[in-house]
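The values are calculated or read from the model by the stated rules, or taken from the named source; none is laboratory data. Owing to the predicted nature of the structure, the values given are computational and were not obtained by experimental measurement. Cβ coordinates were reconstructed from backbone atoms using ideal geometry, including for glycine residues, and neighbour counts include every protein chain displayed.
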Amino acid sequence: MALKDLTDHSLLKKCRQDDQSAYEILFERYFRRLFNFTLHYIKDPVIAEELVMDLMLMLWKKRHQIELRGDLLPYLFGAMRNTVISHVRKRAIVTTSLEVIHNEFTGLARSADYDLYSREAEGIYQQKLNKLSPQRRLVFEMSRFENKSYAEIAGQLNLSLNTVRNHMTASLQYFREHLGKYIDATLTVMLLFLMKR
């Protein structure tokens, strides 16, 4: 029986044996459905794609711990729903924080402190960006600064869609892991703002 014809439970069993091909079948089987579900609530295709990528990466990372009592699809949709709720809550916090920052700087328009924080945040971000491999950095910049879809990036760079997704997932994880060590909460919010420009 071909790998693509196996049940979710059989594919998960193979994933637990570190069979990446089985994982890729599950990825292709559910990515689009999860993306459409997420996009319905998030409305931003880039963010929706990232959230689904994070969830699917979690499926691979936790493949040895996941024990399903039922089918995989309800499990994934439940996890995706929780991810969407968490994202919306965090977004509300970030939005509030940006408003607080804006109010703090009202009347101090472009003060020395503001310029210092901006330069510091930009410098840290640029330093970390420069540490990405050349191809990973190019993929990240095309996605973030040129607003290109993963499919467009894959076409322009002659890469597979999975390779582009893997580069973006790795880059985002890298930024999450390394930026928090260097900046406080206020700068983190400002840095997230800079990264989304």
Exercise. Do we have any residue at all in the range 24-42 that's out of contact with any helix residue (DSSP H, G or I) (no Cβ under 7 Å at 6 or more places or on another chain) and outside any helix (DSSP H, G or I)?
Worked result: no
Exercise. Does Leu194 count as among the hydrophobic types (A, V, I, L, M, F, W, C) and modelled with pLDDT of 50 or more?
Worked result: no
Problem set entry | Single residue of Tyr75, Tyr117 found to be over 30 Å from Asn158 (Cα atoms), out of contact with any Lys or Arg (no Cβ under 8 Å at 6 or more places or on another chain) and modelled with pLDDT under 60 | Tyr117
